[in-house]
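Here is the structure we will look at, set down as structure tokens.
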Amino acid sequence: MCAAIEMAARRVPLPADAIFHSDRGSQYTSTEFARTLERCGIRRSVGRTGICFDNAMAESFFGKLKTELVHHERFATRAEARRAVIRYIEGFYNSRRLHSGLGYRPPVEVLGEWLSDRKVV
């Protein structure tokens, strides 16, 4: 988890007020994860107990990942599964899949606009 956050923080110039929001899972509330976020200049936010709407977008993503990839595949190793998930996210979900919450545009297009508006690109 920490490696994924560090990789993401290197790939995209984060604004000073960047926030990482998650549920109250132990991996997100650990001291190690808090230190990683701090090193990356990211503020931590956790959802309220028992309020599922706080994490609706993340839950939607994981639902799509499972129905569009995981439930249709058999992976021989964790490494194979990891590579398949990365291909799905980078090769399809972020770059080509249209998202209703983003005006039926892929995330990479919205990110490009956001960076352009801030003159980062």
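Amide H contacts of H99 (H built 1.01 Å from N, in plane; Pro and chain starts excluded): Y104, R105 sit under 5 Å, all sequence-distant by 5 or more or on other chains.
Close amide H pairs (under 5 Å, H built 1.01 Å from N) link D23 with G47, residues at least 5 positions away or on another chain.
For the chain, what log10 I(q)/I(0) values come out of the Debye formula at q = 0.18 1/Å, with one point per alpha carbon and no solvent? Ignoring solvent entirely, the Cα scatterers give -1.29. Measuring between their Cα centroids, the range 84-101 and the range 1-79 lie 16 Å from each other. Database remark: amide H of L69 closer than 5 angstrom to no amide H (H placed geometrically; neighbours at sequence offset of 5 or more, or on other chains; Pro and chain starts carry no H).
Every number in this text was worked out from the coordinates using simple rules, so none of it is lab data. Predicted model only: the values in this text are computed from it and were never measured.
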